[in-house]
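Have a look at the structure below before the remarks.
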Amino acid sequence: MDQPRAAARLRILLGQLGRCSAGAVIAHPISESVSSAGFHPQQFQYTQDNSVLTLQQRKFYEENGFLVIKKLVSDADIERFRNEFERICRKEVKPMGLMVMRDVTIAKSEYVPSEKMITKVQDFQEDEELFRYCTLPEILKYVECFTGPNIMAMHTMLINKPPDSGKKTSRHPLHQDLHYFPFRPSNNIVCAWTAMEHIDRNNGCLVVLPGTHKGSLKPHDYPQWQGAVNIMFHGIQDYDENNTRVHLVMEKGDTVFFHPLLIHGSGRNKTQGFRKAISCHFASANCHYIDVKGTSQENIEKEVVRFANELFKVKQDINLKEAF
């Protein structure tokens, strides 16, 4: 992973890690329907040895593949991210490389420069204000527990889940994030996902299947749903429907960290408001890229490459690695 931009981002992140530690936060790893029992320290394979996580928190993540930290990101920071997103929606700023996505049900004739038309912006690493999220000391403090100290920010998103149009396109099928990533090992990758407001089942909170991070990467494709499905919203084609599900009700500033093999998704937004969250996938700088040709990830590589060619007018052939 020696690309110049990635190296620059790494320097920023390492600099942030050297700052003073974040203020006191409250960790809430326990849910009635999940377990943290039956572990011995020598069995830890998904968390790093440091003094940040308690033994209980480490056991919980090891067993379940996710961990919620309450009120980790300040209201002030979240408002700054919200304001910058709105500026992007109004086209007051146009960060290089930013991918702007809209719900498939929005007709092109209805496009207007406002947040009502944009459901997601991703790859915001060139937007200094939004990229601040990836450098917050309070975020990196916990990221290091899963990646180790040499950290790279690999994929960024601000999600603006819209009110559902009635076609249920605002939901996201159950999936594993590793499906989209051509780097390994998976145990050195983690997502930080922060609620920008109150999130519950009414406006489409995350739903996770605890313990599924211990499995393998499953084949993904577009779900066989009636109606339309948003671009790149791939889902797992076979999973145990009897698996325990936990709906993550979160407040503004709450942050969930989860493993890239954890099966998760989100329901439709049944309210009239927009449900916002900001996230970044982090990986150890010691991770390596793989060739996904001949694997279950080949379908997403073809789609990402085709989309990148259309968006950035790339003339030569590229692969999933180069798209990152």
Can you tell me which residues in the stretch 198-217 are surrounded by fewer than 22 Cβ atoms within 10 Å (Cβ to Cβ) and on the phi > 0 side of the Ramachandran plot? 211
Select from the stretch 123-132 the residues that are open to solvent by 20 Å² or more (accessible area, probe 1.4 Å) and under 24 Å from residue 188 (Cβ atoms) and list them in ascending order. 123, 125, 132
Across the stretch 265-281, what is the number of residues that are open to solvent by less than 40 Å² (accessible area, probe 1.4 Å), touching a Gly at 6+ places or on another chain (Cβ under 8 Å) and outside any strand (DSSP E or B)? 2
Scope the stretch 282-299; condition among the aliphatic types (A, V, I, L, M) and open to solvent by less than 50 Å² (accessible area, probe 1.4 Å); matching residues: 283, 285, 292
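Got a number for residues in the stretch 56-66 being of a type outside the set (S, T, N, Q), in a helix (DSSP H, G or I) and open to solvent by less than 10 Å² (accessible area, probe 1.4 Å)? Don't jump to the end; show me each part of the working.
First pass over the stretch 56-66, keeping only residues of a type outside the set (S, T, N, Q): 58-63, 65-66.
The next check asks that each one be in a helix (DSSP H, G or I); those that pass are 58-63.
So of that shortlist, the ones also open to solvent by less than 10 Å² (accessible area, probe 1.4 Å) come out as 60-62.
Looking only at that region, the number is 3.
Every residue in the stretch 231-247 that is part of a loop (DSSP other than H, G, I, E, B) and open to solvent by 10 Å² or more (accessible area, probe 1.4 Å), please.
The initial filter retains those residues of the stretch 231-247 that are part of a loop (DSSP other than H, G, I, E, B), namely 231-234, 237-245.
Selection gives 231, 232, 233, 237, 238, 239, 240, 241, 242, 243, 244, 245.
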With (1) β-branched (Val, Ile, Thr); (2) open to solvent by less than 20 Å² (accessible area, probe 1.4 Å); (3) assigned to a loop (DSSP other than H, G, I, E, B) as the list, and residue 69 as the residue in question, which single condition is left unmet? (3)
Of all the residues that make up the stretch 133-160, how many are outside any helix (DSSP H, G or I), open to solvent by less than 10 Å² (accessible area, probe 1.4 Å) and either in contact with a helix residue (DSSP H, G or I) (Cβ under 6 Å, 6 or more places away or on another chain) or under 16 Å from residue 121 (Cα atoms) (or both)? 6
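Conditions (1) in contact with a Pro (Cβ under 6 Å, 6 or more places away or on another chain); (2) of a type in the set (A, V, I, L, M); (3) part of a strand (DSSP E or B); (4) modelled with pLDDT under 95, marked per residue:
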position: 163; (1), (2), (3), (4): no, no, no, yes
position: 169; (1), (2), (3), (4): no, no, no, yes
position: 173; (1), (2), (3), (4): yes, no, yes, yes
position: 178; (1), (2), (3), (4): yes, yes, no, no
position: 187; (1), (2), (3), (4): no, no, no, no
position: 192; (1), (2), (3), (4): no, yes, yes, no
position: 197; (1), (2), (3), (4): no, no, no, no
position: 202; (1), (2), (3), (4): no, no, no, no
Taking the stretch 161-192 as the region of interest, how many residues are touching a helix residue (DSSP H, G or I) at 6+ places or on another chain (Cβ under 7 Å) and polar (S, T, N, Q)? 2
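Looking only at residues in the stretch 77-108 that are more than 21 Å from the chain's Cα centre (by Cα) and open to solvent by 70 Å² or more (accessible area, probe 1.4 Å), which one is farthest from residue 156 (Cα to Cα)? Spell out how you get there, then give the answer.
We begin by selecting, within the stretch 77-108, every residue more than 21 Å from the chain's Cα centre (by Cα); these are 87, 90-94, 105-108.
Pick out the ones that are also open to solvent by 70 Å² or more (accessible area, probe 1.4 Å) and you get 87, 90-92, 94, 108.
Numbers: 87: 17, 90: 20, 91: 19, 92: 20, 94: 16, 108: 25 Å.
Here the residue is 108.
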With the checklist (1) open to solvent by less than 20 Å² (accessible area, probe 1.4 Å); (2) touching a Gly at 6+ places or on another chain (Cβ under 6 Å) in hand, flag the one item residue 176 doesn't pass. (2)
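The values are calculated or read from the model by the stated rules, or taken from the named source; none is laboratory data. Not measured: the values here are computed from a predicted model. All Cβ positions, glycine included, derive from the backbone under ideal geometry; neighbour counts span all protein chains shown. SASA here: full protein model, heavy atoms, side chains in, ligands and nucleic acids out. Shrake-Rupley method; radii C 1.70, N 1.55, O 1.52, S 1.80 Å.
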